[in-house]
Amino acid sequence: MKNNEEIQRKDKQLLSFEWVLGGIGLASFISSIFLAIPIVETNLPVAIAMYVVGFIIFSVAMFFALKIEQIAGHYQCAKCGHKHVPTFGAIFVAMHFGRTRHLRCPKCGQKSWQKKII
Ligand SMILES: [Zn+2]
């Protein structure tokens, strides 16, 4: 049985890893665009392939970053204080500002800006 401190430590590590994933995703997406620009006129299929690969790496990295965001720690309802782990779908569509997301509370049913808490 894991104790709370160990879970907190793991969650913090996961959330740091989320930044790394986001960075890798964004970097590969942006570099694929810049690397493909010089060959757009001479070799369009290769340029398109580079965009696609860059976008796939970006999507995969973002998927795992969001997955981490969903499972690490909890979100706390600003209205009633209830702590919960939202569904992946809710995280995916929720507006966010940093790690604070606009989510519906499963307990009181109200939408609020909910902070991530470890
Ligand atoms: Zn609530």
Subset of segment 87-112 that is within 12 Å of the ligand (Cβ to nearest atom) and in a loop (DSSP other than H, G, I, E, B) - its residue that is surrounded by the most Cβ atoms within 10 Å (Cβ to Cβ): CYS105
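Yes/no per residue for (1) part of a helix (DSSP H, G or I); (2) in contact (Cβ under 8 Å) with a residue 60 or more places away in the chain; (3) over 28 Å from ASN4 (Cα atoms); (4) in the same structural domain as GLU5 (by TED's automatic domain parsing):
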{"site": "PHE17", "(1), (2), (3), (4)": "yes, no, no, yes"}
{"site": "SER31", "(1), (2), (3), (4)": "yes, no, yes, yes"}
{"site": "PRO38", "(1), (2), (3), (4)": "yes, no, yes, yes"}
{"site": "ALA49", "(1), (2), (3), (4)": "yes, no, yes, yes"}
{"site": "GLY54", "(1), (2), (3), (4)": "yes, no, yes, yes"}
{"site": "SER59", "(1), (2), (3), (4)": "yes, no, yes, yes"}
{"site": "ALA78", "(1), (2), (3), (4)": "no, no, no, no"}
{"site": "GLN114", "(1), (2), (3), (4)": "no, no, no, no"}
Count - residues of segment 56-92 that are closer than 20 Å to CYS108 by Cβ, among the β-branched types (Val, Ile, Thr) and more than 11 Å from the chain's Cα centre (by Cα): 2
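The values are calculated or read from the model by the stated rules, or taken from the named source; none is laboratory data. Bear in mind that the values here come from a model prediction, so they are computed numbers and not experimental data. Backbone-built Cβ (ideal geometry, glycine too); neighbour counts: all protein chains shown.
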